[in-house]
Amino acid sequence: MSVEERIARRLGPTVRVGLGAANGIPGEGRFVSFGIAGALRPGLEVGTVIDATRVVDEKGEVLWEGAPLGIEAGQTGTILGGSRIIDDPLGRARLHESSGADAVDMESGPLARAGRLAGCIRAISDTPGRELAGLAEGARSNGDVDYLGLARGFLRSPRATARAARDVRRALKSLEGVA
């Protein structure tokens, strides 16, 4: 997302690949997947930073494995490279069971499959008990904000969407701390 990209720029050159790498993967170089993720298992609080040592697919097959990047405020974990936003508690529980992953994002998997992943830093923005609600409708595949979708999501579920927005801000603050 564009907001993640702005934070990542503090660390050096960045490339926004978009949700599920909709913008494509650059032709050369290795990359750190940096941004927010949804927790798949209970106990990961909003704002927790994961310094991944593994990225897996939905069956738990390893797509990438490596040493953590050494983020002081982070904890090691496994990221599921998902193909869609997972926002229901039962779906998250099933994915945690099938993959063993701690959290899910949509960018780390494509980078790992392309052999371009050097590491993965993700801050938890939502948990099985604290969903994205209407925020899930506010993301364009290229990483821009879909303001009309966000407005529809907010009108459909105002309280949950407002709470989710606060949670995402908390996760982004954690990423700023890393940067």
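Please treat every number below as a calculation from the coordinates, not as lab data. Values in this document were obtained by computation on a predicted structure and should not be read as measured data. Neighbour counts are summed over all protein chains in view; Cβ atoms, including those assigned to glycine, are modelled from backbone coordinates with ideal geometry.
Key figures
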{"quantity": "Dipole magnitude of the chain about its Cα centre (Cβ charges: Lys, Arg +1; Asp, Glu -1), debye to nearest 20", "calculated": "440"}
{"quantity": "Of Leu150, Gly20, Ala133, farthest towards positive along the dipole that unit charges on Lys, Arg, Asp, Glu beta carbons give the chain", "calculated": "Leu150"}
{"quantity": "Order of Lys173, Lys59 - criterion: other Cβ atoms within 10 Å of each residue's Cβ, fewest first", "calculated": "Lys59, Lys173"}
{"quantity": "In Hz, Karplus ³J(HN,Hα) per residue of the stretch 76-89 (6.51, -1.76, 1.60; θ = phi - 60°; x = Gly, Pro)", "calculated": "6, x, 10, 10, 8, x, x, 9, 7, 6, 9, 10, 10, x"}
{"quantity": "Relative contact order (percent, whole number), the stretch 71-152, Cα cutoff 8 Å, 6+ residue spacing", "calculated": "27"}
{"quantity": "Solvent-free Debye scattering, log10 I(q)/I(0), computed from the Cα coordinates of the stretch 1-113 at q = 0.16, 0.23 Å⁻¹", "calculated": "-0.71, -1.48"}
{"quantity": "Relative contact order, percent, the chain [alpha-carbon distance under 8 Å, six or more residues apart]", "calculated": "31"}
{"quantity": "Convex hull per residue volume in Å³, alpha carbons only, for the stretch 96-147", "calculated": "118"}
{"quantity": "Karplus 3J(HN,Hα) series, Hz, for the stretch 5-14 with 6.51 cos²θ - 1.76 cosθ + 1.60 (x for Gly, Pro)", "calculated": "4, 4, 5, 5, 4, 5, 8, x, x, 10"}
{"quantity": "Karplus (6.51, -1.76, 1.60) ³J(HN,Hα), θ = phi - 60°, over the stretch 155-169, in Hz, Gly and Pro reported as x", "calculated": "5, 6, 8, x, 5, 5, 5, 5, 5, 5, 5, 5, 5, 5, 4"}
{"quantity": "Cβ-defined net charge surrounding Ile124, 10 Å radius [Lys, Arg +1; Asp, Glu -1]", "calculated": "-1"}
{"quantity": "For the stretch 48-103, the spread of Cα positions along each principal axis, largest first, Å", "calculated": "32, 22, 17"}
{"quantity": "Burial order of peptide ranges 138-146, 47-55 (average beta-carbon count within 10 Å, highest first)", "calculated": "47-55, 138-146"}
{"quantity": "Proportion of all alpha-carbon pairs of the stretch 47-179 beyond 26 Å (%)", "calculated": "22"}
{"quantity": "Ordering of 126-136, 71-81, 87-97, 103-113 by burial proxy (mean other Cβ atoms within 10 Å per residue, highest first)", "calculated": "103-113, 126-136, 71-81, 87-97"}
{"quantity": "Considering only the chain, percent of DSSP beta bridges that pair antiparallel, nearest 5", "calculated": "35"}
